[in-house]
Amino acid sequence: MAKPKRVGIYVRISRDRKGQELGIQRQEKACRELCEQRGWSVHKLYPENDTSASTTSRKKRPQYTEMMRDAKTGVIDAIVVYSIDRLTRRISELTSFLDEQKEYGFQFATTEGEDTSTASGRMILTIKGAVAQQETERMAERVNAALLQRREQGKPHAGGKRQFGFEAGSHFRELDDEETKLIRVGYQMLMSQKTPGDVARLWRDRKTTTPEGRAWTIQSVKRVFRSQRTGGIVTYKGQDIGDSIYPSPLKREEWENVQALLDSRATPAAQGSGKRKHVYTGFLKCGHCGAPMRVQWATIQGRTFRRTFCHSAQGNGMGGLGCGKVSRKYDWIEERLNEVVEAALSKRKPKPLPTPDVDLAAEITGVESRIRLLRLRWKDGQMEDEDYYDSLTHLRGQLQQLRTREAAAVVAVAQEETDALAVWHDDNEENLERRRAIVASVIKQVEVYSIGRGRRKPPEITSIKITPVGAGTEAGEE
Ligand SMILES: [Zn+2]
């Protein structure tokens, strides 16, 4: 092989210990000595400063990129580095480096003497690269273990934006009393059938804004209650690993109650394609063909009103399309159905409270004590970090499930206690899904019949057929 005439020397200093020991000058000196010994002439130096070639770093290495471009275009015909881990610590990068070396035919040497012209030399290089990569990964593990330990001691992540409820600049260690008070009032509101929209209104009335200075919206209120910090819950890689040692606006149990509540509210709204705006959508069926009826705002001859109709381009749920033969004013139907629902609600007696689930509480205590034991064993050094973290994740998952079930039971009781009629009369948009749930407890379905066009007389009550819950639509059904 001809002697290279345009050698590129790549030197790199990184923050890791080895990088500090081995300054750029020393690397460069050793590389130049090697070139001299071999009679190679140096063309260019590529000094990468203060970056890391580790596997976990996503930093770009501009000098490395430039050198590879120069090697491919022939600006340089050889690359010399001090050692393989100065070039790269990623096994995948080393592999592609060696492939490119083969393809573009530039020479490569390290002062530690690897020879890439032979198969065994290449193998040694690959193994060295693998070892360097492993070292980097172990270093990252140590950092993670230290972080985990801090979190385990109940010290939450101190960085990030200020959050409502916490004192500015305190790194989430101190509460803002006024804001905490508002969060607690908001919590009480949510637990007594008020909505995030109601909470946003209250917080706006109290002249507060989000930490970014914006007006409170349903979304930003939900974010406050969704944040684990609000419940004093310490997370590690997104996992719940314990309680913060610092104060939090809500207790863990309270925070979990809110999650169950927000989850239960989110579910019905997610059903169907668009957002339901009319309380009886989904209950109305075409009396002619059985297809679900749509409700829409319509403007005819300058008058705007709501219309419900059988849509001929929509499936009837039985494999065919809607007949398109029925179209009615929605308001009249809504008024009739409201009367039915109200009559049913006023006759209702409060249900007995469900008996509390004793086993659930015992199970939770059991899992909690297993976590404590696990933690003790780990702190005593009886367990590898990895095993500890795996078991902890598993137990935390179990605990989370149990607590969610427990919280759901609490919410169910709270919902029984409130007056359904009061909920029904609150026809705020935010309340729609709860009103629909009430309808579903009274009305199973409503068949709507055609009354012909251009009628002036109010429709007959028989032009709709209401099937109450429990009546059944088919023989044999309860
Ligand atoms: Zn129809």
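Laboratory data are not the source of any read-out in this text; all were calculated from the coordinates shown. This is a predicted model, so every value here is computed, not measured. Using ideal geometry, Cβ is built from the backbone for each residue, glycine included, and neighbour counts are taken over all protein chains shown.
Some values worked out for this structure:
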{"quantity": "Cβ-based net charge around residue 216, under 12 Å, with every Lys or Arg adding one and every Asp or Glu removing one", "calculated": "+3"}
{"quantity": "Sequence ranges 388-399, 458-469, ranked by mean other-Cβ count within 10 angstrom, highest first", "calculated": "388-399, 458-469"}
{"quantity": "Whole-angstrom Cα spans of region 358-409 along principal axes, big to small", "calculated": "39, 15, 10"}
